[in-house]
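Here the structure comes first, spelled out in structure tokens, and everything after it is commentary.
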Amino acid sequence: MKSNRQLRFTGLGARVQYLILMALFRASPTRGFYGRAARGLGRIFHAENAALIREGNDPWFRVSLNDGYWTRFGLYYREYEPEIDQILIAASGATPAFLDLGANKGYWTLRASTRFNRVIAVEASRQTFAALKQNCASLGNVNIRQAAVHNQSGQVLKFVNTYLSHASARLLANETAGQNDVTETVTTVAIDDLITPGETALIKLDVEGAEIAAIDGGHRALLDGSVLIYEDHGSDTACLPSAHLLGVPEMCLYYCGTAIERMTSIEQIQAIKTDAFKGYNFVAAKRNSKLMQGILKSLQSGA
């Protein structure tokens, strides 16, 4: 898919900082090194320096230039997760609702806002939620909520913001937080409480290790025909979220690569996940989901 990306900056200093960042990215031996370099550079330049990107006529997405994640994926690469973009396009018109769960700063929320009548974005981290709120301030069809997606609504759990990597923020289970990590409490919400019974929605789920609990909280929505885009990380050799979904009767799984491919075994999924540092996107839906059938038809016709 051809990118139609536009890029602008908050000032001359931001443009200079961006050029240094892109050079650093090319020279950095590891992702961790780049993340630390981006943070260090952010202490030299003005803290509010930012770049704004958009595709076509979509809303502008603001990227702080001290952000080691989005400056790498949102600015350096010409396309960010194009497989998800294809599914959004294929689903637009087939359902009025899109749920961005683990929305981060709202990249997919903004992309969906021009394609769906109603968008719900949920983000747990207080600091990241503030950036999400800023990015979505002018969007009347977007409802944002600070919460952690889990198996039931109303629980209060601990959430850890990972030092140097807001994209790795997660619910704190049995492990302890790192020395420089910041913890906070967050209230939970279940997918089934975000979707009216009988309604179908396209759901994007990226919740860093809490996928199974979140999926369980959306059991009714999936049986009603909603379609779930979820991440199965390369570091998870057991493919836990995919294994969980394969164990649900009537559930079908697909891999979003150059073409959409049906997955029927964990071995197939393990063979795809060759990079332990990468998240792989898969799709799950009930076998007779009309929304999934429409998405498949659109993708297979090359729409």
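Total residues in segment 178-204 satisfying the condition of being over 19 Å from Ala103 (Cβ atoms) and in a loop (DSSP other than H, G, I, E, B): the figure is 9.
Flag set for Pro96, criterion: touching a Lys or Arg at 6+ places or on another chain (Cβ under 9 Å) and closer than 28 Å to Ile203 by Cβ.
Candidates are the residues of segment 54-70 that are farther than 26 Å from Ser298 by Cβ and at pLDDT 85 or above; the one that is surrounded by the fewest Cβ atoms within 10 Å (Cβ to Cβ) is Trp60. Kindly indicate whether any position in segment 148-156 is hydroxyl-bearing (Ser, Thr, Tyr) and either modelled with pLDDT under 95 or within 19 Å of the chain's Cα centre (by Cα) (or both). No.
As a summary of the residue check, Val207 satisfies the conditions (1) outside any strand (DSSP E or B); (2) at pLDDT 95 or above except for the one numbered (2).
Within segment 11-23, the set of residues being surrounded by fewer than 17 Cβ atoms within 10 Å (Cβ to Cβ) and either polar (S, T, N, Q) or in a helix (DSSP H, G or I) (or both) comprises Leu12, Gly13, Arg15, Val16, Leu19, Ile20, Met22, Ala23.
Tell me yes or no: at least one residue of segment 258-277 is among the hydrophobic types (A, V, I, L, M, F, W, C), without any contact (Cβ under 8 Å) to a residue 60 or more places away in the chain, buried (at least 17 other Cβ atoms within 10 Å of the Cβ) and within 18 Å of Val207 (Cβ to Cβ). No, the conditions are met nowhere in segment 258-277. One residue stands out in segment 279-303 among those that are among the basic types (Lys, Arg) and in a helix (DSSP H, G or I): the one that is modelled with the lowest pLDDT, namely Lys297. For segment 71-96, the set of residues classified as touching a strand residue (DSSP E or B) at 6+ places or on another chain (Cβ under 6 Å), modelled with pLDDT of 95 or more and surrounded by fewer than 21 Cβ atoms within 10 Å (Cβ to Cβ) consists of Pro96 only.
Of the residues screened, Gly56 is one that is at positive phi and not assigned by TED's automatic domain parsing to the domain that holds Ala284. On inspection, Phe159 qualifies as touching a Ser or Thr at 6+ places or on another chain (Cβ under 8 Å), in a strand (DSSP E or B) and either within 27 Å of Glu55 (Cβ to Cβ) or modelled with pLDDT under 90 (or both). Restricting attention to segment 78-109, the residues that are under 12 Å from the mean Cα position of the chain (by Cα) and of a type in the set (A, V, I, L, M, F, W, C) add up to 5.
The values are calculated or read from the model by the stated rules, or taken from the named source; none is laboratory data. Just so it is clear, the model here is predicted, and its values are computed rather than measured. Note that we place each Cβ from the backbone using ideal geometry, even for glycine, and neighbour counts take in every protein chain shown.
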